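Read through the structure below, which is laid out as structure tokens, and then see the notes.
The values are calculated or read from the model by the stated rules, or taken from the named source; none is laboratory data. Note that the structure is a prediction, hence the values are computed from the model and not measured. All Cβ positions, even for glycine, are placed from backbone atoms using ideal geometry, and neighbour counts span all protein chains on display. SASA here: full protein model, heavy atoms, side chains in, ligands and nucleic acids out. Shrake-Rupley method; radii C 1.70, N 1.55, O 1.52, S 1.80 Å.
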Amino acid sequence: MDDNTLISFTDHPGMRELVIGEAAHDPMEDHELDRQVFHLRLANSRHERESASLLLKKMYGWRGYDVDPHAVHSPNRITLYAETGGATVGTMSLCLDDPVLGLPADENFRHELDQLRAQGRRLCEPSRLAIDKGASRRVFAGLIHISYLYAHHIHGHSDYVIEVNPRHVMFYRRMLGFGHCGTQRNCSRVGAPAVLLRLDLQYMKEQIQRYGGLMEKHPNVRSFYPFFFPPDDEAGITGRLMRGRG
């Protein structure tokens with residue numbers, strides 16, 4: 001592993017394994033050319049953030065969403081990205097709540113977020129998520145897992161809050177365990193309807209400990225958690241995050 005990589009893994013390219021309920025895959029049928037090495041990294045440089053933004057623009061633009069690929073990189077935000085063969089195939093950002101800067105979701109759901117803050121919840125917001133069709137389910141799971149480690153293990157935050165299109169609500173509820181936290185509004189940043197969802201990161205911790213890295217043992221679990229990294233990998237990833245590798 002080079003100095004710029006948080007973690008690497010080998011997996012099948014494409015979206016084949018995103019089909020829920022597909023028959024278990026026989027690894028004996030694999031050929032080396034059918035597999036790719038994915039590297040997950042922190043986007044520390046302007047060039048890396050621009051590459052991630054281009055993927056974001058590509059994946060959101062065809063849906064008709066108005067996304068600014070040159071948005072200012074806030075000091076309370078980190079950007080993660082996945083790369084294979086020199087191409088960026090996945091990205092997401094994570095904003096940590098800040099007394100001055102707040103969160104992106106404050107623009108549309110300030111009342112709901114202030115209620116959570118008043119309860120002592122420490123909020124963070126995954127956003128600007130884009131996964132290329134050439135990536136696998138493990139890319140999505142890996143980016144979420146690393147953001148969880150950064151938010152919960154390193155900074156002690158307690159909850160994810162996300163704004164999602166109403167048609168994606170069931171996906172996030174079923175696959176990660178999010179619950180409703182606000183009524184539907186129009187998201188001013190992308191010009192589309194949005195719903196606020198929340199996830200207690202203690203629940204995510206419990207699911208990772210139960211299922212993380214056990215894809216083959218839990219092929220019928222309707223969740224992303226078996227595609228997260230094994231709990232034993234968390235200490236190494238956390239250490240590299242704290243050293244700012246990426």
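Just a few scattered comments:
- Flag for residue 71 being over 18 Å from the mean Cα position of the chain (by Cα), at pLDDT 90 or above and either hydrophobic (A, V, I, L, M, F, W, C) or at negative phi (or both): no
- Residue identified as more than 28 Å from residue 35 (Cβ to Cβ), open to solvent by 20 Å² or more (accessible area, probe 1.4 Å) and small (Gly, Ala, Ser) among 182, 134, 120: 120
- Residue within the stretch 50-62 that is assigned to a loop (DSSP other than H, G, I, E, B) and either modelled with pLDDT of 55 or more or open to solvent by less than 20 Å² (accessible area, probe 1.4 Å) (or both) present: no
- Taken over the stretch 206-246, residues that are over 16 Å from residue 41 (Cβ atoms) and part of a helix (DSSP H, G or I) amount to 13.
- Condition check for residue 171: open to solvent by 10 Å² or more (accessible area, probe 1.4 Å) and without any contact (Cβ under 8 Å) to a residue 24 or more places away in the chain: yes
- Selection within the stretch 147-161: residues that are touching a Cys at 6+ places or on another chain (Cβ under 9 Å) and hydrophobic (A, V, I, L, M, F, W, C). The member of this set that is farthest from residue 233 (Cα to Cα) is 161.
- Among residues of the stretch 200-221, those that are touching a helix residue (DSSP H, G or I) at 6+ places or on another chain (Cβ under 6 Å) and open to solvent by 70 Å² or more (accessible area, probe 1.4 Å), counted: 1
- Counting the residues of the stretch 222-233 that are more than 16 Å from residue 39 (Cα to Cα) and surrounded by 20 or more Cβ atoms within 10 Å (Cβ to Cβ) gives 3.
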